[in-house]
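So the structure is just underneath, and the comments pick up after that.
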Ligand SMILES: C[S@@+](CC[C@H](N)C(=O)[O-])C[C@H]1O[C@@H](n2cnc3c(N)ncnc32)[C@H](O)[C@@H]1O
């Protein structure tokens, strides 16, 4: 499987968006990604992020105490990640390279992940490399949207021909087929994440503000900051969201607004 366009086309596309990438990319998956990486039984805290981009997740993971190797083909995207990691003074090493030619020794990686990027890779060439660099019992966590979800995505709902035009994404069957092609690798699970829960959104807002240890989810010890709305935002058409009204606001557990 290959992507339309040459490697150079793809590199220059990311040149153009590197500066603004994080202002348009959501990070809803962060709590789930962190939980998954933490739960991998590994003898090391060294983690490889394939196609790390601006380090949206890998720098944050480094801030959590992991030693992250962030690989990307695009120097501009990678420069953002390296800069951010330098400012946070965390253990992140940027590596310029391709997912299809990982510049790493055989059996050198216990934990690797890739987010929002696998549709850019040649899957066969990439998984040949995954098989080579992973240690026995190593683990690879991939987050991607599937092509079959296009109609349900916000773009699919807003733009009539989106699903016909966006053909790059893979589907679950593509990963199931890989298991047959690479018998050394086991597809442990294909989980579908759902973000249609208010608290998965609020924790991300809090995370963006670096306040996720204080607020953003219902947990003992956190500040109970909540709003009550007059309807469920996920049950109404996007075009009606602006009619939403706040019926009550609580801050640190105390009601501070009630019209
Ligand atoms: C949409 S960004 C995702 C970045 C990051 N993983 C995230 O979740 O925000 C896709 C990234 O994949 C990189 N990329 C695309 N094809 C690649 C390849 N074959 N090898 C390495 N990096 C690649 C691009 O340069 C870009 O930084």
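The values are calculated or read from the model by the stated rules, or taken from the named source; none is laboratory data. What you are looking at is a predicted structure, and each value in this text was computed from that prediction instead of being measured. Cβ: placed from backbone, ideal geometry, glycine included. Neighbour counts: every protein chain shown.
Within the stretch 134-150, is there a residue that is touching a strand residue (DSSP E or B) at 6+ places or on another chain (Cβ under 8 Å) and assigned to a helix (DSSP H, G or I)? The answer is no; no qualifying residue exists.
Against the criterion of being within 23 Å of residue 38 (Cα to Cα) and either in the same structural domain as residue 36 (by TED's automatic domain parsing) or in a loop (DSSP other than H, G, I, E, B) (or both), residue 170 does not qualify.
Scanning the stretch 59-74 for residues being more than 9 Å from the ligand (Cβ to nearest atom) and touching a helix residue (DSSP H, G or I) at 6+ places or on another chain (Cβ under 8 Å) gives a total of 8. Against the conditions (1) touching a helix residue (DSSP H, G or I) at 6+ places or on another chain (Cβ under 6 Å); (2) within 30 Å of residue 217 (Cβ to Cβ); (3) within 15 Å of the ligand (Cβ to nearest atom), residue 168 satisfies every one except (2). Scanning the stretch 24-52 for residues that are in contact with a strand residue (DSSP E or B) (Cβ under 6 Å, 6 or more places away or on another chain) and touching a residue at least 40 places away in the same chain (Cβ under 8 Å) gives 29, 36, 40, 42, 44, 46, 47, 48, 49, 50, 51, 52.
With 51, 62, 18 as the choices, which residue is modelled with pLDDT of 80 or more, over 20 Å from residue 118 (Cα atoms) and surrounded by 13 or more Cβ atoms within 10 Å (Cβ to Cβ)?
It is 62.
The single condition among (1) within 16 Å of the ligand (Cβ to nearest atom); (2) in the same structural domain as residue 43 (by TED's automatic domain parsing) that residue 193 does not meet is (2). Looking across 34, 71, one residue alone is closer than 27 Å to residue 134 by Cα and over 13 Å from the mean Cα position of the chain (by Cα). It is 71. Per this entry, residue 97 is not counted among residues that are near the ligand (Cβ under 9 Å from one of its atoms), closer than 19 Å to residue 36 by Cβ and in contact (Cβ under 8 Å) with a residue 12 or more places away in the chain.
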